[in-house]
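To keep things clear, I will list the structure first and then write my remarks on it.
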Amino acid sequence: MDTLTTSNTAATADIYRPALHYAARNTWLNDPNGLIFHNGLYHLYYQNNPLGNVWGNMSWGHATSTDLLTWTEHAVAIACDENEDIFSGSIVHDRHNTSGFSAGSDGPLVAVYTSAFKPGSLHEGVQAQSLAYSLDGGYTWTKHGGNPVLNRGSAEFRDPKVLRYDGGAGSYWVMVAVEATDFQVVLYKSDDLKNWELLSTFGPANATGGVWECPDLFPLPVDGDPENLKWVLTVNLNPGGPNRGSAGQYFIGDFDGTTFIPDSTVTEGFQDPDRLGEYQWLDWGRDYYAAVSFSDAPDNRRLMIAWMNNWEYANHIPTTPWRSPMSLAREISLQTRDGNVCLVQQPAGDWTALADRDTYRLAETTINDGVQVLKSAEGTVQRIDVSFTPGSAEEFGLILRGDGVTGTRVGIRSSEGTLFVDRRKSGQTDFHDSFPSIDTAPLQAASGSYDLTIFVDRCSVEVFAQYGRVTMTELIFPAETSTSLSVYATGGAATITSLQVTQLS
Ligand code: FRU
């Protein structure tokens, strides 16, 4: 096993390397793949170009973590070859060796990935599903001789996520994948991971402004009640997100072992771009894509990681020698709020090692029209917990990674019911026309209060609003010297009921 420990400190030439997020040491990455907790480690595989820092040579890179915050990079797990690129997919622990790949007692890890067949190969132009297995806990992988195992002759059939279904209809493997340009999730079943039988299809529905990619399907208890399970189907789409480009939508419903039935969907007029605000989004920011969940996470937790980038400008972001970080891992739950079942997301890493850090606190403070720099709250890797009560201000919020004049605004316009991230003056923005943006999400006060938890990590801002009900994730590329944190209000006053800034670097 070849291990390259990723340095989590920013070298001067590498000021954007995150401290709390995974980024490859010196190569390109996109979608998280094959997320699994196995033998005490979180394994993160990912779409990787082992030879460069733009998309290409698609292979599965590999990193592991014990706390979901610090990662160790390993050798490439599954490499492309002259016949195929290794596109996105998932990994299951085949405990009972249904696949027959292991003679040992523990069963193999089986990766189910998309073979994107290259020109000149036997299946040229086709995307089909293939298997590889690992008998050493996920470090080295052998491709199955009978690949591909599921071929529909389609050029757009990809991103298999496999789960174990154990329910009223029996016990078997279920695969969700996409026919990307048909806006369809296709569901298959198998007893051995090699022979697959079509169960049903889902879609088109809700957002269809781009191809459907990287689906996931999982059950969750509502309010922690194991007797009240709902199923969540997530589908990433690109472009066509609520603030342009790549984004992830989800549906809450039921799965009977054959068909996913959403509680509600828009199936007529859903193509209308003005309806995007009606749909359910995993994240409203520009940089949360290809989100997918871990298999076998401890304590039945449902943990997700997304690629923190957007295909509109992904290959151009100004990081070097690496390109693209992953998001923080999030724990997904379903909670009843105001009588509705809602998807709620919380940062999931083990923060205990980062407790007792320098903390800046501010109690009940009125912000009058203008900007107030918070001296001694500056930083580049921070957790900010803030609660606002709106007053007469039209708009209020924070200015992060500022230089006293400009910065990234995370604001609220309570009369419009919106949260926004304005990165037009966030630092370097001119590497792509579509990067400088002001992006919005619907947000309502709860008991008169707006509560935000924000993670700032050198090149990113992740906002968890109203305790995870609404999230926004955005990349930013500020100057190294832009470290100030300010509060502001415009057109009147607003009140900060509490503010806490914890330094995490
Ligand atoms: C999503 C995606 C997947 C595909 C992979 C290729 O970002 O386009 O659909 O498997 O990236 O890298």
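Once backbone amide H atoms are built at 1.01 Å from N, Ser437 has Arg423, Arg424 as its partners under 5 Å, excluding neighbours fewer than 5 places away on the same chain.
Taking amide H positions as modeled 1.01 Å from N, with prolines and chain starts lacking one, the residues under 5 Å from Glu395 and 5 or more places away or on another chain are Thr490.
Sorted fewest first by neighbouring Cβ atoms within 10 angstrom, His38, His21, His96 come out as His96, His38, His21.
If only the Cβ of Lys and Arg carry +1 and only the Cβ of Asp and Glu carry -1, the dipole of the chain around its Cα centre is close to 660 debye. Computed on the Cα atoms alone, the convex hull of segment 351-441 gives a volume of 143 cubic angstrom per residue. Taken as Cα centroids, segment 340-355 and segment 89-139 sit 31 Å apart, rounded to the nearest whole angstrom.
Cross-link partners of Lys194 among aspartates and glutamates, defined as those whose alpha carbon lies under 18 angstrom from its own and excluding same-chain residues fewer than eight positions apart: Asp94, Asp159. Taking other C-beta atoms within 10 Å as the exposure proxy, Tyr488, Tyr360, Tyr16, Tyr113 rank Tyr360, Tyr488, Tyr16, Tyr113 from fewest upward. Among Met308, Met326, sorting on how many other beta-carbon atoms sit within 10 Å of each Cβ, with the fewest leading, yields Met326, Met308.
Remark: relative contact order (segment 351-503) = 43 percent; criterion is Cα-Cα distance under 8 angstrom and separation of 6 or more residues. The alpha carbon centroids of segment 197-234 and segment 393-420 are separated by 34 Å. Near the amide H of Lys230, within less than 5 Å, lie the amide hydrogens of Leu220, Val222, all on another chain or at least 5 residues away, with H placed in the peptide plane. Working note: Karplus 6.51/-1.76/1.60 with θ = phi - 60° gives segment 33-48 the couplings 10, x, 5, 7, 9, 8, 6, x, 10, 7, 9, 10, 9, 6, 4, 9 Hz, where Gly and Pro are set to x. Here the 3J(HN,Hα) profile of segment 470-480, calculated from phi with Karplus coefficients 6.51, -1.76 and 1.60 at θ = phi - 60°, is 10, 10, 9, 10, 9, 7, 9, 10, x, 5, 4 Hz, Gly and Pro shown as x. In whole percents, the pair-distance distribution calculated for the chain from its alpha-carbon pairs, binned every 20 Å from zero, is 24, 57, 18, 1.
Simple spin-label estimate for Ser415 and Leu51 gives 5.8 nm between the two label positions (7 Å along the Cα-to-Cβ direction from each Cα). Exposed loop positions in the chain were taken to be GluC sites (Glu not before Pro) whose DSSP state is not H, G, I, E or B and which have at most 14 other beta-carbon atoms within 10 angstrom. Between these positions, the longest stretch is 269-415. Computed from backbone phi, the HN-Hα couplings of segment 379-392 come to x, 10, 9, 9, 10, 10, 10, 9, 10, 10, 10, x, x, 7 Hz, rounded to whole numbers (Karplus: 6.51 cos²θ - 1.76 cosθ + 1.60, θ = phi - 60°; Gly and Pro given as x). With contacts taken as Cα pairs under 8 Å and at least 6 residues apart, the chain reaches a relative contact order of 13 percent.
Readers should treat all values here as calculations from the given coordinates under stated rules, not as data from a laboratory. Bear in mind the structure is a predicted one, so any value in this text is a computation, not a measurement. Note that each Cβ is placed from the backbone with ideal geometry, even for glycine, and that neighbours are counted across all protein chains shown.
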